[in-house]
Structures are given as C-alpha cells and as structure tokens.
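Here the structure comes first, spelled out in structure tokens, and everything after it is commentary.
The values are calculated or read from the model by the stated rules, or taken from the named source; none is laboratory data. Quick caveat: nothing in here was measured; it's all calculated off a predicted structure. FYI the Cβ positions are ideal-geometry reconstructions off the backbone, even for glycines, and counts take in every protein chain you see.
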Amino acid sequence: MSETTTPTEDGQQTADKGQIHADVLQNIPVTLSIEVGRAVIKIRDLMRLTQGSVVELDRIAGEPLNLLVNNTVVAQGEVVLVNDRYGIRLTRVVPASERLENL
C-alpha cells in the first residue's frame, strides 16, 4: 500500500499508512467489454469456419447483454445507438455483494 498525506487543521501534513488516495484509484485504467453470448465448439468445427459462417450463441434474442469490467460482470443492459455508434443502456447493475461471490 502507498502512503498518503492528509492536511491537518493547522495546515501540516500527516501520513495515512495503508490508505490509497481516491485520485490514484480513479486514474487506473480498466477494460470494459460487452458479452453478446458464448459458444463451445470442437476444434474440427472451428477449423471449418469461413466468411459467412454462423456460430450459434447460448443467449436468446432479446436477453440482456453482460457488461464486464476486467472480465467481471458488473451490469446488464441492451444495445442502443448513440450518434451512429453502439452503446449499452444499463438495465441492471450487479450488487457488489453478488460480484464478490463470483470472484
């Protein structure tokens, strides 16, 4: 853990051992991804895939998509268009307690 300093009432700095400053945490990059679905196939079938092939996924049409942060599901939502780009409208945020159970 890093050591941060906190100003006291008289303007002096005191060290907070074991504390990480919020600004440091907020600047750590994370990977955000959207999961449409998954499929398990044999290598034989993988090798037969060509342009135009269709791979059936495990998700039903209309089912919410998963929003993952560093490969952990944190929310679910639906695809939307934002200025000719894809986006996701969150319909459910996974509670922190549920996310911790899945680690």
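A few comments on the model shown:
- Selection within region 35-51 - under 28 Å from Gln76 (Cα atoms), modelled with pLDDT of 95 or more and β-branched (Val, Ile, Thr): Val40, Ile41
- Residue match in region 28-35 (condition: exposed (fewer than 10 other Cβ atoms within 10 Å of the Cβ), within 28 Å of the chain's Cα centre (by Cα) and not aliphatic (A, V, I, L, M)): yes
Every residue, every condition in (1) at negative phi; (2) out of contact with any Asp or Glu (no Cβ under 9 Å at 6 or more places or on another chain); (3) in contact (Cβ under 8 Å) with a residue 12 or more places away in the chain; (4) part of a strand (DSSP E or B), yes or no:
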position: Arg44; (1), (2), (3), (4): yes, yes, no, no
position: Gln51; (1), (2), (3), (4): yes, yes, no, no
position: Val54; (1), (2), (3), (4): yes, yes, no, no
position: Asp58; (1), (2), (3), (4): yes, yes, yes, no
position: Ala61; (1), (2), (3), (4): yes, yes, no, no
position: Asn66; (1), (2), (3), (4): yes, no, yes, yes
position: Ala75; (1), (2), (3), (4): yes, yes, yes, yes
position: Val80; (1), (2), (3), (4): yes, yes, no, yes
